[in-house]
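Written below as structure tokens is the structure these notes are about.
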Amino acid sequence: MDIQSSIFDHYDKINAPLAERMRPKDLDEFFGQEHLLSEKGILRKLIESGNIPSMVFWGPPGVGKTTLAMIIAKKMDANFLNFSAVMSGIGEIKEVMKEAQERKRFGKKTILFIDEIHRFNKAQQDAFLPYVERGDIILIGATTENPSFELNSALLSRLKVFVLNPLTSEDIVKILKRALNDEERGLGRYKIKIDEDLLFKIANYSNGDARIALNTLELSFLKTRVVEDGTYEITLKEVEEAVQRKFLLYDKKGEEHYNLISALHKSIRNSDVDAALYWLARMIESGEDPLYIARRLIRIASEDVGLADPEALTITVSAFQAVQFVGLPEAALNLAQAAVFLALCPKSNALYTAYEKAREDALNTIAEPVPLHLRNAPTSLMKDLGYGKGYKYAHDYKEKIADMECLPENLKGVKYYFPTDQGKERMFAERLEEIKKIKKKKV
């Protein structure tokens, strides 16, 4: 009998896709959203207390909005009604809300979950208001759109908004590993071998969507044939066939990871636009976490450009936010824009060297107390002790500069920042000279 057909036969008996089978049953199985579900998270506290208000989950697809609603219903022993604004009409939902009103009379709570609630127009949303206000239902809406724009103000004012973040690559890998090890609901009954690097490729491809990641893993497995010892070895070939795209060989946590980011950084530092674009493309197409790349570009903006073009920091932070908002593949262009901008910028490491020198002194010299004239004196005792005595308020002077030493005594006169003549830093160098001249006149 063909091995491949036997796998499919077994799956016919299971019926549900892997992503559905692995849906978390409780908070202990739920990955991500630590800001809401950690021990001190507000949503966890509400769930554990059983005091659940009507709410809306705002976040990208595949982060657990429906699952959280089901976990809440299970915890409250409530009747769970799952509707989609795409598939269901408001008339149909009105009928079940009336039924919920009847169940309430017998002490049974009803959670009405509306997926893509933003698909209802503002007038249709009004239909929920009386039932929410009376507590006949606990409404939990899910949306990928900003509730401030998509929900009418009357309904929104009665809902608690919880923002769900995209799952990180690490979160996704944990979910994939749980599916690989779970013998009851997952793939744990099979001897499956897959490199962690491939799990990260699947995670990055899924762009924070656990459903896509699990579907990709399942399809990769179904394309895999068993080897002689009964092991199913999922290779790059099966993953590429599952997602229908090519991945470059890349060890996300190994030497190549550091080699490529080093090549990107040094190409930008050397103002080589073409090399910067090439190494950036290598990293993105290899499955690197785009947020990791964005964080390094932000570092480059201050380390290698600095005040030669202060806009570099704004551009790179915007690129980081763009990656969070739209994800790959669209955000590849945002990263490319930032990388090219950095490569074309005038370069200065004056800010970097200045901080490193100041850091060295902060670590290695005696930590002298803050001079008294720089201290605040919020109490009369502190004022009597000399706090703030001799302080010169810069705005009292025509040039807005006072002749006042701000370093501790043991570092008096030390200079850290030496601006270059590159780009806009030339203006800062001129300003620094002007400040020195003004202070010298006051001596």
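The values are calculated or read from the model by the stated rules, or taken from the named source; none is laboratory data. None of the values given here were measured: they were computed from a predicted structure. Methodologically, a virtual Cβ is constructed for each residue, glycine included, from the backbone with ideal geometry; neighbour enumeration extends over all protein chains shown.
Results for (1) of a type in the set (A, V, I, L, M); (2) more than 21 Å from LYS439 (Cβ to Cβ), shown as yes or no for each residue.
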residue: VAL305; (1), (2): yes, yes
residue: GLU330; (1), (2): no, yes
residue: ALA354; (1), (2): yes, no
residue: ASP403; (1), (2): no, no
Would you tally the residues in the stretch 217-240 being farther than 15 Å from GLY287 by Cβ and modelled with pLDDT under 85? 6
Quick one: count up the residues across the stretch 347-384 that are touching a Cys at 6+ places or on another chain (Cβ under 8 Å) and either surrounded by fewer than 12 Cβ atoms within 10 Å (Cβ to Cβ) or at pLDDT 80 or above (or both). 1
Scanning the stretch 136-162 for residues that are in a loop (DSSP other than H, G, I, E, B) and surrounded by fewer than 13 Cβ atoms within 10 Å (Cβ to Cβ), the one nearest to the chain's Cα centre (by Cα) turns out to be ASN146
Going through LEU199, LEU180, LEU214 one at a time, which residue ends up being over 18 Å from GLU285 (Cβ atoms), within 22 Å of the chain's Cα centre (by Cα) and modelled with pLDDT of 90 or more? LEU214
Residue among TYR391, TYR387, TYR417, TYR397 that alone is surrounded by 12 or more Cβ atoms within 10 Å (Cβ to Cβ), hydroxyl-bearing (Ser, Thr, Tyr), in contact with a helix residue (DSSP H, G or I) (Cβ under 7 Å, 6 or more places away or on another chain) and closer than 20 Å to ARG431 by Cβ: TYR417
Can you find even one residue in the stretch 123-140 that is at pLDDT 90 or above, under 30 Å from TYR292 (Cβ atoms) and outside the structural domain of ALA203 (by TED's automatic domain parsing)? no
Quick count over the stretch 190-234, residues being exposed (fewer than 15 other Cβ atoms within 10 Å of the Cβ) and touching a Gly at 6+ places or on another chain (Cβ under 9 Å), is 1
Considering only residues that are free of Cβ contacts under 8 Å to residues at least 40 places away in the same chain, in a strand (DSSP E or B) and within 17 Å of LEU151 (Cα to Cα), which ones fall in the stretch 84-115? SER84, LEU112, ILE114
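Can you tell which of GLU303, GLU285, GLU311 is of a type in the set (Asp, Glu), out of contact with any Asp or Glu (no Cβ under 8 Å at 6 or more places or on another chain) and under 29 Å from GLU240 (Cα atoms)?
Result: GLU285 is the single residue among GLU303, GLU285, GLU311 that is of a type in the set (Asp, Glu), out of contact with any Asp or Glu (no Cβ under 8 Å at 6 or more places or on another chain) and under 29 Å from GLU240 (Cα atoms).
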Would you be able to tell me the number of residues in the stretch 279-306 that are buried (at least 24 other Cβ atoms within 10 Å of the Cβ) and either more than 19 Å from ALA332 (Cβ to Cβ) or in the same structural domain as LYS201 (by TED's automatic domain parsing) (or both)? 2
Tally of residues being over 13 Å from PRO24 (Cα atoms) and in contact with a Leu (Cβ under 8 Å, 6 or more places away or on another chain) across the stretch 182-191: 2
Across the stretch 121-145, which residue is farthest from ILE52 (Cα to Cα) among those that are in contact (Cβ under 8 Å) with a residue 40 or more places away in the chain and of a type in the set (S, T, N, Q)? THR144
Mind listing whichever residues of the stretch 319-356 are charged (D, E, K, R) and under 17 Å from LEU307 (Cα atoms)? LYS347, GLU356
Determine whether MET87 is touching a helix residue (DSSP H, G or I) at 6+ places or on another chain (Cβ under 6 Å), in the same structural domain as SER49 (by TED's automatic domain parsing) and of a type in the set (A, V, I, L, M). no
Going through the stretch 36-67 in order, the residues found to be of a type outside the set (A, V, I, L, M), in contact (Cβ under 8 Å) with a residue 60 or more places away in the chain and not in a helix (DSSP H, G or I) are PRO53, SER54, PHE57, TRP58, GLY59, PRO60, PRO61, GLY62, GLY64
Does PHE128 satisfy being assigned to a helix (DSSP H, G or I) and either over 30 Å from ALA322 (Cα atoms) or out of contact with any strand residue (DSSP E or B) (no Cβ under 8 Å at 6 or more places or on another chain) (or both)? yes
Given the conditions (1) modelled with pLDDT under 90; (2) buried (at least 20 other Cβ atoms within 10 Å of the Cβ), which single one is not true for LEU187? (1)
LYS253 passes all but one of (1) charged (D, E, K, R); (2) modelled with pLDDT of 90 or more; (3) out of contact with any helix residue (DSSP H, G or I) (no Cβ under 7 Å at 6 or more places or on another chain); which number fails? (2)
Could we say that LEU187 is among the aliphatic types (A, V, I, L, M) and more than 26 Å from the chain's Cα centre (by Cα) here? yes
Single condition VAL326 does not satisfy, out of (1) in contact (Cβ under 8 Å) with a residue 60 or more places away in the chain; (2) surrounded by fewer than 16 Cβ atoms within 10 Å (Cβ to Cβ): (1)
